[in-house]
Structures are given as structure tokens and as C-alpha cells.
Amino acid sequence: MPRTKSELFSSTADWLRYDKEHVWHPYSSMSAPQSTVPILRADGFELELFDGRKLVDGMSSWWAAIHGYNVPELNAAINEQVGQVSHVMFGGLTHKPAIGLAKRLIELTAEPLQQVFFSDSGSVSVEVAIKMALQFWFAQGKTARRRLLTVRCGYHGDTFGAMSVSDPVSGMHSMFSGNLSPQIFAEAPRPLGDSESDSSANPVDDFERLIRQHSDELAAVIIEPMVQGAGGMRFYDAAYLKQVRALCDETGILLILDEIATGFGRTGTLFAYEQADIAPDILCLGKALTGGYMTLAATLTTRHVARMIDGEGQGVFMHGPTFMGNPLACSVANATIDLLLASPWQQRVSAIESQLTKELAPCLQSSKVRDVRTKGAIGVVELFEPVDMPSLQPRLVELGVWLRPFGRLIYIMPPYIVSPSALSKLTAAVITVVGEMD
Ligand SMILES: *Cc1c(COP(=O)(O)O)cnc(C)c1O
């Protein structure tokens, strides 16, 4: 084992060979690995490859890099914090980055949300939310209330609690079914503009039936507001979400909203739940929280829920990650939020929406395309058949764009700072690859 500071490998091919043989990528096989694209640096809305080629980023690194890459304000925040303190345990200690972030989040989110729990990733923030809901009832002696109600086509993360409320088919349930808490699934909300589904049934009927039937054993409802992300990039109506809130109020069941993907402007409002004019009892935030710089998530709840969990000083909330409230992550989150609020993000997101709507529309002419839809800075082309990734991914790179289709979906969700011409390059690439399928 050579222990020198020189480069480990002499060629790009050698780096990539080692990657293929030893490094797992998301949802990948070590024996039949997919090809990977080597990134040297990233700047603005562009990713630069080892060989100097540049790709327009159409993914924001999975909803996270809303300001793009190598952002001076974010670099400065993190550099400054490194010189102060990079990390200290949060047990018994505290610091300005975490307190400042809590204040920002409390001021930006719905008024009832007053307590913040920081964790390291979206999935963990969902575990924390579920645990809050369970402890809320357990502290009142209602130990039968341990199940969650959710809707199909949802995605809430890859840890066990999060998997248990993700779609039973696409959420890997079948493989782990013996290990997952059995939760309750209502029909998915009807996608907006979907002509193929039965429009005579009220889509919230199934949800209403289940919440009433199981009200004695339910701790909480969990749902992604307005947009179901990784479960199918489905957009649904604010009226559905309003009814979910009303039914939770009526039955006294807590409502957890998972804004990990939708938070921080992606759907056109700062938080998607604003479009339904409701507030959750528990809110999960992640992804764009640090502008894609560091891994960080937050779970917010109300004073009422927190007081119940504490049982008037008798109990404690049972969670405490090692890297809780990491100062580097909190400092860059503070800078991201300040940068977002100082920017014309609403105009940017709505300009992206108009451009995506206009430029993706021609895809509908293809016999391979089932639906084209946009919401905020998200554009989706849904096909009838799953895409062939081994051929499609290199073709997209050849066209100068970074897009990562999955299943039957090719979708674009660029950093908000994308230029109109760069966005056109993304939409043109989608039209090209769809055209090549005919
Ligand atoms: C990505 C995502 C998660 C999981 O977050 P991780 O940081 O990947 O653990 C949970 N919920 C939603 C809606 C997401 O999009």
C-alpha cells in the first residue's frame, strides 16, 4: 500500500475502474455497475468533467443545489465557520449557527411550528418525526396509537421507519416486508390533469374511510405536500391537502408534512403547504436546506406536541445524533436561506416554470410520451415505458447535460440561477432523446 501524497491513479480510466470495482453508488449493483461520470469541479449551473467538458446541471443534485455550485456567499460562510469551530457535540453545548438557523426556520415556517430538532439527513428527520408522533401519544398513555396513515406513490427515505411509509411497490417494501412496521396506505392523490384515472370518485374518499376506520390506532398521517417526488413526480391538488388537514383535525391525529424535496421555493412558494393554506403539526426539511453543501435536516413541531412529549417535565425526546446541529452545516444553511430570501427566487422559479412548460410541450407529439407536466422549477416528461439507462445516460452527457431519468420519467429541476439558454439546452436534450425513441 503506497502511502504518498501523489495522485492515487494516473488516468481517468484507472479512477473509474476502481470506482466500478469498489464503490457503491445509489441503488446500484457491485457486480453489474452502471457507468459513472467523473466530476472534477462544479460552478454555477455547470458540472465540469475530468476531461474539461462541461454539463448543464438539470438535477440540482437531487433538489439540493438551488443556488448552483461554488457559490461565493456559501463558500465564505463555511470558510469562516471552519476557522471558528467545525463541530462540537450538541449534548450540553450550543452555538450561534444552530440557534440562528432555528430562528430562521421558525420565522419562515407556519406560526405554530416553534421547536426544532436538527439531524443529519432527510431520512433521519422522518424517523425523528415518526418518533415525535409516537412519543406524543405514549406520553398520554395511548400506546395503541403506533401506526401511520399515508398515501401510495410516496417516498420518505431509505431508513426503516421512512421505508415503512414509502410506496409499498416502489419503496422496496416487498424485500423488507418482514422488518417493516405495517402502516396504512390510502390511494394516491389523483395527479393533476390526469385524464386516464377515474374522475368520478372523490380522490380523498379512500383516505377518509381509512382515517376513520383506524383512528384509534393511528399516531399520525405523513404525506409530501403538493408534489410526490421520488415516488413518481406526481403533482396533486391543494384541495386534497386541505381535506387531509381537516380530517386530521377532526380525528385528532397529527399531520406530518415531508417538505424535504419541496421546501425552499421549488414548487413556487417557499413551502408547498402554503398553497393549501394549512400548517402541519410536524414538518421535515432537508435537501435544499444547505443549498446542497452539507448534509443536514430539521424536524419542526409545535409547542403543544413538544410539551406532550415531555409529559410536563417527566419525559425526554429520545433522539440525539452525534453530528446533531453541526456548525458547518448550520452556517451554510443560514447563508443559503439569506441568499435565497435576498434573491428574486419567485420570479426565477416562475420564469423556469414558463420556459419548461413552453419548451417541453413538443414532447407530447411523441407516441412514447404519456404526459408532460410542470410545477414551479420542475419539468417532467412521463413515458409509457421505462427508459433504457445504459444507453440514455451517455447520450444525455454527449448532448452536454446532466439529467438522471428514473423509471418512466425524464425530469428537469435545475438550480434557480440557471440561465434561459442553459435551460433551453436541457429541454432540447430531452426533446432530442425522446425523438430518438420513436
Ligand atoms: C430525499 C427525500 C427524503 C430522504 O432524504 P435523504 O436526505 O436522502 O435521507 C425524504 N423525503 C423526501 C420527500 C425526499 O425527497
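Read-outs: derived from the displayed coordinates by stated rules, not from any lab. Just so you know, these numbers come straight off a predicted model, no measurement behind them. Cβ sites come from the backbone with ideal geometry, for glycine too, and all protein chains shown count toward neighbours.
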Which entries of Lys103/Lys131; Lys368/Lys425; Lys96/Lys375; Lys287/Lys368; Lys287/Lys375 show an alpha-carbon separation above 25 angstrom in the structure shown? Lys96/Lys375; Lys287/Lys368
Selection of chymotrypsin sites (Phe, Trp or Tyr not before Pro), the stretch 1-67, meeting DSSP coil and at most 16 other Cβ within 10 Å: Phe9, Trp24, Tyr27, Phe50
Largest fluctuation, Ser29, Ser181, Ser343 only, Gaussian network model of the chain with Cα springs under 10 angstrom, belongs to Ser29
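Which semi-axis lengths, in whole Å and largest first, follow from the square roots of five times the eigenvalues of the Cα gyration tensor of the stretch 319-429? Let's see the in-between values first.
Numbers: eigenvalues 192, 75, 35 Å².
Ellipsoid semi-axes (Å, largest first): 31, 19, 13.
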Dipole moment magnitude, nearest 20 debye, the chain about Cα centre, only Lys, Arg, Asp, Glu C-beta charged: 560
For the chain, modelled as a GNM with alpha-carbon contacts under 10 angstrom, which of Ile99, Ile256, Ile309 fluctuates the most? Ile99
Suppose every Lys and Arg Cβ carries +1 and every Asp and Glu Cβ carries -1, with no other charges. What dipole size does the stretch 77-198 come out with about its Cα centre, to the nearest 20 debye? 600
Sorting Tyr416, Pro405, Gln81 by the position of each Cα along the dipole of the chain (Lys, Arg +1; Asp, Glu -1; all at Cβ), the one nearest the positive end of that ordering is Gln81
Applying 1/(1 + (r/R0)^6) with R0 = 41 Å to the Cβ-Cβ distance of Asp216 and Met175, what FRET efficiency is obtained, to the nearest 0.05? 0.85
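Based on alpha-carbon atoms only, what is the radius of gyration of the stretch 113-222 relative to the globular estimate 2.2 N^0.38 Å?
Working: Rg = 15.2 Å, N = 110, 2.2 N^0.38 = 13.1 Å.
Its radius of gyration relative to the 2.2 N^0.38 Å reference: 1.16.
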Given unit charges at Cβ for Lys, Arg (+) and Asp, Glu (-), the dipole magnitude of the stretch 4-124 about its Cα centre in debye, nearest 20, is 180
In whole Å, how far is the Cα centre of the stretch 381-415 from that of the stretch 95-129? 34
With unit charges on the beta carbon (Lys/Arg positive, Asp/Glu negative), name the residue among Trp62, Ser121, Gln346 whose Cα is farthest towards the positive pole of the charge dipole of the chain. Ser121
At 222 nm, what helix-only mean residue ellipticity would the chain give, in deg cm²/dmol to the nearest 500, using -39500 (n - 2.57) for each DSSP H run of four or more? -11000 deg cm²/dmol
Extension gain (nm, one decimal) between Gln140 and Ser31, 0.36 nm per residue minus Cα-Cα: 34.2 nm
Please report, in cubic angstrom per residue, the volume enclosed by the convex hull of the alpha-carbon atoms of the stretch 75-342. 130
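Expected output is a single nm value to one decimal: the length gained when fully extending between Ile39 and Leu192, i.e. 0.36 nm times separation in residues minus the C-alpha distance. What is it?
On the way: separation 153, 0.36 × 153 = 55.08 nm, distance 3.67 nm.
That pair, Ile39 and Leu192, stretches by 51.4 nm at full extension.
Quick check: residue separation of Leu93 and Gln314 times 0.36 nm, minus the Cα distance between them. What number comes out in nm? Display every interim value, and only then the final one.
Working: separation 221, 0.36 × 221 = 79.56 nm, distance 2.20 nm.
The Leu93-Gln314 span can extend by a further 77.4 nm.
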Among Gln355, Gly91, Ala276, the residue whose Cα sits farthest towards the positive end of the charge dipole of the chain, when +1 is placed on the Cβ of each Lys and Arg and -1 on the Cβ of each Asp and Glu, is Gly91
